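Novice: Could you have a look at this structure, given as structure tokens, before my questions?
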Amino acid sequence: MNLPNKLTVLRVCLIPVFLFFLLASPMGEPISRYVALSIFIIASSTDALDGYIARKYNLITNFGKFMDPLADKLLVCSAMIAMIEMGDIPSLAVIVIIAREFIITGFRLVASDEGIVIAASMWGKIKTITQMIMVIYLLLGLKGDLALSIGNILIMASVFFTVLSAVDYIYKNKAVLK
């Protein structure tokens, strides 16, 4: 269990703590929401950090290849599902984003059965970053027309890059479907 893998496990362990502060609001609004936001930022930061360390020090493991993207999906999807309940994000956007994750995960499994490894693409990384920025912004809970407009733009951008990355993965690896 090297440092990058420990950071990935930490990200997963922070999810229930994040959700507790976001949904249970033990400190009351808006303090609990800001604590949840801080936890989300810390957890999101471990994503970039674990990948950087793993590549720089050649600490890439099968565990990391499996758990790192799963940890990202669990963190972001947990946040978005909780934010549906809070009225911060429309369920349709979350359904599209989660559907993409299931589709691409299934696609990668089929490819894996044929001995093909589908690495993360630039669009997939942009998708993850866009989703994390959207969640962070929405967690701020800003009020007003401008704040609402910016939130809606971030939601639309997240959905756009989610769909674009799915199309990109499938198009570039369409041979897997034959």
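Novice: With a cut-off of 8 Å between alpha carbons and a minimum separation of six or more residues, what is the relative contact order of region 3-177 in percent?
Specialist: 24 percent
Novice: Something else now. If a/c stays under 1.5 just call it rounded; otherwise compare a/b with b/c (prolate if a/b is bigger, oblate if not). Do that for region 12-114, with a ≥ b ≥ c from the square roots of the Cα gyration tensor eigenvalues.
Specialist: oblate
Novice: Once the Cα atoms of helix 62-85 and of the chain are each reduced to a long axis, what angle between those two axes, in degrees from 0 to 90 to the nearest 10, is obtained?
Specialist: Roughly 30 degrees, rounded to the nearest 10.
Novice: What share of all Cα pairs of the chain, in percent, falls into each consecutive 5 Å distance bin?
Specialist: Going out from 0 Å in 5 Å bins, the chain shows 1, 8, 16, 19, 19, 16, 11, 6, 3, 1, 0 percent.
Novice: Nearest 10 degrees, 0 to 90: what angle lies between the long axis of helix 91-113 and the longest principal axis of the chain (Cα atoms)?
Specialist: So the helix axis and the longest Cα principal axis differ by about 20 degrees.
Novice: Work out how much length Val17 to Ile81 would gain on full extension: take 0.36 nm times their residue separation and subtract the Cα-Cα distance, in nm to one decimal.
Specialist: 21.5 nm
Novice: At R0 = 41 Å, how high is the FRET efficiency between Lys178 and Ile133 if r is their beta carbon distance? Nearest 0.05 is fine.
Specialist: After rounding to 0.05, the efficiency reads 0.65.
Novice: Express in whole angstrom the spacing between the alpha-carbon centres of region 12-39 and region 77-124.
Specialist: With region 12-39 and region 77-124 each reduced to a Cα centre, they are spaced 23 Å.
Novice: What's the ranking of 61-69, 145-153, 38-46 by average number of surrounding C-beta atoms within 10 Å, highest first?
Specialist: Taking the mean over residues of other Cβ atoms within 10 Å, the ranking is 38-46, 61-69, 145-153.
Novice: Next question. Just how large is the dipole of the chain about the Cα centre, in debye to the nearest 20, putting +1 at every Lys and Arg Cβ and -1 at every Asp and Glu Cβ?
Specialist: With only Lys, Arg, Asp and Glu charged at Cβ, the dipole is about 480 debye.
Novice: Any chance you could run the full-extension gain for Met156 through Ala99? It's 0.36 nm times the residue separation minus the Cα-Cα distance, nm to one decimal.
Specialist: Length difference between fully extended and current span is 19.0 nm.
Novice: P(r) tail for region 60-137, what percent of Cα pairs lie past 15 Å?
Specialist: When every Cα pair of region 60-137 is considered, 61 percent fall beyond 15 Å.
Novice: Hey, with R₀ at 22 Å, roughly what FRET efficiency would Glu29 and Leu146 work out to, going by the Cβ-Cβ distance, to 0.05?
Specialist: 0.55
Values in this text are rule-based calculations from the coordinates and carry no lab data. Note that the coordinates shown come from a computational prediction; the quantities given were computed from them, not determined experimentally. FYI the Cβ positions are ideal-geometry reconstructions off the backbone, even for glycines, and counts take in every protein chain you see.
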